[in-house]
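A.B. asks: Handing you this structure, nothing more for now.
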Amino acid sequence: MNITLRQLRYFVEIAQSRSFSRAAEHLSIAQPALSQNISALEEDLEVVLFKRHARGAELSPAGRLLFDKAVDLLARTDALKEQVAGRDVRPSGAVRLSIAGSIAGLLVAPLLRAMAESFPGIELTVREGMSSEVRAQVESGQAQLAAVPSPSELQGMESLPLFEERFMLFGAAASMRRKPAQMSFEQVAALPLAEPDGAHDLRKIIERAASATGRRLDVRYELNSPAMLIGVVREGLAFSIMPPSACHDAVLAKAIAGRPVAGPALTRVQAVVWPRDRPLAPAAEAVRDTLVTLVHGMVRDGRLHGSLPGASHKKK
């Protein structure tokens, strides 16, 4: 038997990416060379490690058994290098994180700074997208971790809650001066609105509230982009029910203003998630734990509007 660490690294990357082609791209090697290494590993172990299909590759039962042991062995090998060199042992390696757009702008810079200070050996790549895109990326293996809303809707995922956010009504600053300090959902439902389409979790929450009150929303514009929603609101074309995190800068600039909405709870939980069948490597665990600590701190000091898991909301 002649198993190499390189083969194990290739194997782990394919398992996390769920695709030979994506793994080859992440590893910067040719796909035929990657396939040859995995074929040699399978021959040495006398097992099939992956089930190949049109959508990519899934671990076989034997592959799942090897995965945990390979991740642990590679982590201990990397730590051994640092110990022999007399350096502080910290997690290292590449980690891919996807963040849903509503909170990405507030989190990316503080997270990158915290990782650079505490874990300089970790190469963190962050992608931003709509919640549906981010979920697809972590499910497919394009990302090892994702920060997404409504984690309970995801199947086969482990999760840690980050914070709970409450939606508000936002409108152009001039228009909002004539609105009461707090609005009922019935008042909000009568306004012309700009919202994401029906596939978006934010829209689903709002529609459930409308159904519970027997109201029909007047959605004039369906826009799957926080920037476009804010632009339409800023120009006075419509109002929008959004989480404060999505329009933080526009509110600070006094281009738009928000009002709390009374009535059905318009809330959702933001969480960090990862696939249950793909345990995290130490570097990914470090990113996850740093993100949780960072977000909790931002909620406590008011940089993120919302409440910590299990806590009641504070009025802003």
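A.B. asks: Only one residue in S92, S98, S60, S102 is among the hydroxyl-bearing types (S, T, Y) and more than 28 Å from H296 (Cβ to Cβ). Which one?
C.D. replies: That would be S60, the only listed residue that is among the hydroxyl-bearing types (S, T, Y) and more than 28 Å from H296 (Cβ to Cβ).
A.B. asks: From the residues in region 153-164 that are touching a residue at least 60 places away in the same chain (Cβ under 8 Å) and either of a type outside the set (A, V, I, L, M, F, W, C) or assigned to a helix (DSSP H, G or I) (or both), which one is farthest from L59 (Cα to Cα)?
C.D. replies: Selected residue: E164.
A.B. asks: Right, next: Answer with yes or no whether A257 is closer than 22 Å to S175 by Cβ, in contact with a Pro (Cβ under 9 Å, 6 or more places away or on another chain) and of a type outside the set (S, T, N, Q).
C.D. replies: no
A.B. asks: Which one of these does C247 not meet: (1) modelled with pLDDT under 95; (2) surrounded by fewer than 17 Cβ atoms within 10 Å (Cβ to Cβ); (3) more than 17 Å from the chain's Cα centre (by Cα)?
C.D. replies: Result: C247 fails condition (2) only.
A.B. asks: Right, something else. With (1) over 14 Å from the mean Cα position of the chain (by Cα); (2) crowded, with 20+ Cβ neighbours inside 10 Å as the list, and G141 as the residue in question, which single condition is left unmet?
C.D. replies: Result: G141 fails condition (1) only.
A.B. asks: Are any residues in region 165-224 in contact with an Asp or Glu (Cβ under 8 Å, 6 or more places away or on another chain), more than 25 Å from A271 (Cα to Cα) and assigned to a helix (DSSP H, G or I), and if so, which ones?
C.D. replies: Within region 165-224, just A189 meets the criteria.
The values are calculated or read from the model by the stated rules, or taken from the named source; none is laboratory data. As the structure is a computational prediction, the values presented were derived from the model and not from experiment. Cβ coordinates were reconstructed from backbone atoms using ideal geometry, including for glycine residues, and neighbour counts include every protein chain displayed.
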